[in-house]
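S.K.: My structure is below; once you've seen it, I'll send some questions.
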Amino acid sequence: MKAWLVGTMVIMAALGPAAAAADEALAPFVVEYDVKYGRLSVGSSRTALSRDGSGWVIESTTNASGLYRIIASGTLRQRSEFELLADGPRPGSYLFDDGTRDTDRDVSLQFDWAANRVRGIAENRHVEIETVAGLQDAASMQAFVLARLRTGREPGLVAMIEKDKVKYYRYTFLRNETLKTAIGDVETVVYRSARDGSDRETITWHAPKYGFAAVQAEQLTNGKKGFQTYIRRIEGGS
């Protein structure tokens, strides 16, 4: 714990029970995954959720392996800094770096909640749009789902900014399933996320034992598998 713990406790007391309850809705963790595309092993990824002072950070990195390194030789990085409120994460900044020297796919956004604006650069184009209630970025969305599941609430319909547009993703419970993984048999709850009317969807297996961290995920288009992640190791998340 930091030396200013006493000061933090005073601030938390001033904010009241809602802030304290929100802070308990997440727990730090590090998860490592093997990544496949279709039937091919294409690399590995790592997601870490951690505290940063009075706020939180969720960061994911992905590295290609084998022949796939010819296409993606760098480290893909995605990072969100956010504060945790009673209703879930409220992002402050978002970064996406595709791991190359080029910036035509990179994204950097700042959330100005006082002005209800999101500003930044997405794929070398200026971004300035109005916020909406509960707006998430692609990284904080993961923390939002965890916070909802950990507090016994459904994720439901969630707004997420993609480049310079706000899109809505609906999370739907599918089933309970015992999943065989590299860390053993794990009890999971399985959710589908997709935009209404879209042919693209993501199926995610969340493990209550590990604070509902994802232990497996599959992206599908018209039922055909694209990228898949399979857990290799986890620390924390309880």
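S.K.: Taking trypsin sites (Lys or Arg not before Pro) as candidate sites, keep only those in a DSSP loop with at most 11 other Cβ atoms within 10 Å, then name the longest stretch of the chain containing none of them. Mind dumping the intermediate values first?
M.R.: Values: sites that count: K2, R39, R101.
Value returned for the longest uninterrupted segment is 102-238.
S.K.: If I take R0 = 25 Å and measure r between the Cβ atoms of T172 and E130 in this structure, what FRET efficiency does the formula 1/(1 + (r/R0)^6) give, to the nearest 0.05?
M.R.: E between T172 and E130, to the nearest 0.05, is 0.35.
S.K.: Moving to a separate point now. Return a whole-number percent for the relative contact order of the chain, with Cα pairs under 8 Å and 6 or more residues apart as the contact set.
M.R.: Normalised by residue count, the contact order of the chain is 16 percent.
S.K.: Kindly give Rg over Rh for region 121-209, based on alpha-carbon atoms, with the Kirkwood expression for the hydrodynamic radius.
M.R.: Value, to two decimals: 1.04.
S.K.: Can you tell me the dipole magnitude for the chain around its Cα centre, using point charges on the Cβ only (Lys, Arg +1; Asp, Glu -1), in Debye to the nearest 20?
M.R.: The dipole magnitude comes to about 560 debye.
S.K.: Give the longest segment of the chain that steers clear of chymotrypsin sites (Phe, Trp or Tyr not before Pro) in DSSP loops with at most 13 neighbouring Cβ atoms within 10 Å, not counting the sites themselves.
M.R.: The longest uninterrupted stretch comes out as 114-238.
S.K.: Cα to Cα, under 30 Å, and not fewer than 8 places away if on the same chain: which lysines meet these conditions relative to K36?
M.R.: In chain and number order, the partners are K163, K165, K167, K180, K209, K224, K225.
S.K.: Report the Cα-based extents of the chain along its three principal axes, largest first, to the nearest Å.
M.R.: Result for the chain: principal-axis Cα extents of 53, 45, 39 Å.
Read-outs throughout are calculated quantities, based only on the coordinates presented, and are distinct from any laboratory measurement. Only a predicted model underlies this, so the values are computations on that prediction, with no experimental measurement involved. All Cβ positions, glycine included, derive from the backbone under ideal geometry; neighbour counts span all protein chains shown.
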